[in-house]
Amino acid sequence: MKIQAPPGMRDLYPDDMRLQNWLFDAWRSVSRDFGFVEYDGPIFEYLELYTLKSGEGIAGELFNFQDRGGRSFAIRPEMTPTLARMVAARANALPRPIKWFSIPRLCRAEKPQRGRLREFFQWNIDTLGHDDMLADAEVIAALCEFYRRLGVTPEQVAIRFNSRALASAVLSRAGMPESQVDRAFAAIDRYDAASPEEFSRRWQEAPRAAASAGSAASSAKDNPAANEPPAAEKSAEPLARFVSTERVLELLKSGLDACAASVPDDPAVAQLRELTGLLSAFGVSEYCRFDLGIVRGLAYYTGPVFEATATAGNLRALAGGGRYDNLTALLDGPRVTGVGFGMGDAPNIEFLRDLGGLPTLTDGLTAFVIETEESAWTDALGVLTRLRRAGIAADCSYRRAALGKQLKTASSRAARFAVLVGGEFRATGSVDVKCLQTGTQRRILLEALLSDPGGTLASLSSTG
Ligand code: HAM
């Protein structure tokens, strides 16, 4: 039987791995340049971490299992509950603000599609223990900086932001009863500007299937009754009964000013205005725009929320996040507020591929050692060893072949230099170093090369 990788799981061959490392390097360098430090957690957690109160929105996508002792676990589908658990456990000892990043491997039982896998890596940046909008603006600025560094323009990617509190106030003002607002979020979360008809249909049909996501959302609001499904939710009453589809579509298309005008005194308005000002101070306004349709699918968000989406093509969210002020408390820890986002590797690699923004990468060796005569083979191995001990990435051919053939192998391995070892090495300790790009070749004492490899090799490549 021929066994393949399971659906939605990836084999990362060296070419894929190179690309992934390049992406991880970009993630790490932005994180560090913004003052975030790296952490990690376990690949699986107690199932309850996701099913109790914190992450019900994702409970349908879990890979879970029992150990031999009958305890239930789930492979982590996201990092935020782990982060909240870790921070809650040391809440009093950690200096504030807590600015942490991570690149966890995650698993979700999703239907695999382009950019959406069952196993993927996700860059997480989070700031905990700081309540004001500076923290929200800074994580959004880091997100924008990632795209800016990769040459992705505001015409190609948009960071749409909103506030759950504002969306809730606006819907209430439009006539939506409080008990239905979270349920409406579930419909709005799947709002697609390109297909208002589909949205109307879903809205009219009062999606009972969305009720679980809706009740999960209500649990994030520190509402002691949140575990009880609201009475109205049990009925099949269409959402349309409360607010017309047209009215909601109109709201979804309106800007911050129009939304703010409908609930001028709501604190969420002042909060979003402050956020907008800070995004401008961080120099990332061009990438960011208000969008009432961004409410996010996960249960625990309490304030501003945001998503990065490609402005063209059909790739779903490239990154998403928001403020979660009650998550550590929901996990029975002390209350530590937080804000952050997650960005998947797969959708972003596909996005950059579509834009032609992926680099051509090689693992390029610095030196390829070649014996120029059969009798010098063991000396060549000695030279190879000395180069490697000096920290120079060096290799040789496993096959003894003519010089020309070995030089071809050196080029195919993307080596920068060939180090030719012949009879003169034994006599004088010198080797011939050939720059494979310029063709320049020079005889050098191996000791001289080893004492200043960078300088010697640089001079060779520049004198071509
Ligand atoms: P999320 O919206 O579930 O949020 O995921 C965030 C991002 O992870 C998505 O925008 C996408 O780039 C990537 N992603 C999600 N599912 C998949 C998948 N199946 N395959 C590939 N990429 C995927 C969260 O996970 C939150 N915990 C993020 C967060 C951190 N919020 C605050 N801090």
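Yes or no: Leu52 of a type outside the set (D, E, K, R) and at pLDDT below 95?
On the way: of a type outside the set (D, E, K, R): yes; at pLDDT below 95: yes.
Against the criterion (of a type outside the set (D, E, K, R) and at pLDDT below 95), Leu52 qualifies.
Output the residue which, of all residues in segment 411-424 that are over 36 Å from the mean Cα position of the chain (by Cα) and assigned to a helix (DSSP H, G or I), is surrounded by the fewest Cβ atoms within 10 Å (Cβ to Cβ).
Within segment 411-424, the subset over 36 Å from the mean Cα position of the chain (by Cα) is 417-424.
Right, trim to assigned to a helix (DSSP H, G or I) and you get 423-424.
Values: Gly423: 12, Glu424: 15.
Result: Gly423.
Please go through segment 115-136 and give me each residue that is within 10 Å of the ligand (Cβ to nearest atom) and either surrounded by fewer than 22 Cβ atoms within 10 Å (Cβ to Cβ) or closer than 19 Å to Gln20 by Cα (or both), ordered by number.
Correct list: Gly115, Arg116, Leu117, Arg118, Glu119, Phe120, Phe121, Gln122, Trp123, Asn124, Ile125.
Give Arg148, Arg160 a once-over and let me know the one that is open to solvent by 40 Å² or more (accessible area, probe 1.4 Å), within 18 Å of Val30 (Cα to Cα) and not in a loop (DSSP other than H, G, I, E, B).
On the way: Arg160 fails: within 18 Å of Val30 (Cα to Cα).
The match here is Arg148.
Hey, among the residues in segment 324-345 that are within 8 Å of the ligand (Cβ to nearest atom) and outside any helix (DSSP H, G or I), which one's surrounded by the fewest Cβ atoms within 10 Å (Cβ to Cβ)? Break it down into steps so the answer makes sense when it comes.
First pass over segment 324-345, keeping only residues within 8 Å of the ligand (Cβ to nearest atom): 324, 338-345.
Checking the rest, the ones that are also outside any helix (DSSP H, G or I) come to 324, 338-344.
On the way: Tyr324: 26, Gly338: 29, Val339: 29, Gly340: 26, Phe341: 23, Gly342: 20, Met343: 23, Gly344: 22.
Here the answer is Gly342.
Please state which of the following conditions Val383 fails to meet, knowing it meets all the rest: (1) surrounded by fewer than 22 Cβ atoms within 10 Å (Cβ to Cβ); (2) more than 16 Å from the ligand (Cβ to nearest atom).
Only one criterion in (1) surrounded by fewer than 22 Cβ atoms within 10 Å (Cβ to Cβ); (2) more than 16 Å from the ligand (Cβ to nearest atom) is unmet by Val383, namely (1).
Among the residues that make up segment 364-380, is at least one of them free of Cβ contacts under 8 Å to residues at least 12 places away in the same chain and more than 35 Å from the chain's Cα centre (by Cα)?
Initially, segment 364-380 is screened for residues free of Cβ contacts under 8 Å to residues at least 12 places away in the same chain, giving 378.
Cutting the leftovers down to more than 35 Å from the chain's Cα centre (by Cα) gives us 378.
Yes, the conditions are met somewhere in segment 364-380.
What pairs come up if the first residue lies in segment 319-330 and is closer than 11 Å to Ile140 by Cβ, the second is within 6 Å of the ligand (Cβ to nearest atom), and their beta carbons are under 8 Å apart, counting only those six or more places apart or on different chains?
Within 8 Å, the pairs are Ala319/Phe341; Ala319/Gly342; Ala319/Met343; Ala319/Gly344; Gly321/Gly340; Gly321/Phe341; Gly321/Gly342; Gly322/Phe341.
If you take the residues of segment 285-308 that are closer than 15 Å to Leu252 by Cα and not in a strand (DSSP E or B), which of them is nearest to the ligand (Cβ to nearest atom)?
Arg296
Which residue pairs have Cβ atoms closer than 9 Å, lie 6 or more positions apart in sequence or on different chains, and pair a first residue in segment 175-204 that is free of Cβ contacts under 8 Å to residues at least 60 places away in the same chain with a second residue that is of a type in the set (A, V, I, L, M) and open to solvent by 40 Å² or more (accessible area, probe 1.4 Å)?
Taking only residues 6 or more apart or on different chains, the pairs are Ser179/Ala231; Phe199/Ala193.
So if I check each of Ala84, Ala88, Ala59, which one is within 11 Å of the ligand (Cβ to nearest atom), small (Gly, Ala, Ser), assigned to a helix (DSSP H, G or I) and open to solvent by less than 50 Å² (accessible area, probe 1.4 Å)? Full working, then the answer.
Values: Ala88 fails: within 11 Å of the ligand (Cβ to nearest atom); Ala59 fails: within 11 Å of the ligand (Cβ to nearest atom).
The unique qualifying residue is Ala84.
Having 1 or more residues that are modelled with pLDDT under 50 and within 33 Å of the chain's Cα centre (by Cα) is the bar; report the helices (runs of 4 or more DSSP H) wholly within segment 181-252 that clear it.
On the way: elements: 196-204, 211-219, 231-234.
Those helices (runs of 4 or more DSSP H) span 211-219.
The values are calculated or read from the model by the stated rules, or taken from the named source; none is laboratory data. Since the model is a prediction, treat every value here as computed from it, not as a measurement. Note that each Cβ is placed from the backbone with ideal geometry, even for glycine, and that neighbours are counted across all protein chains shown. In case anyone asks, the SASA skips ligands and DNA or RNA and just uses the protein heavy atoms, side chains included. Shrake-Rupley method; radii C 1.70, N 1.55, O 1.52, S 1.80 Å.
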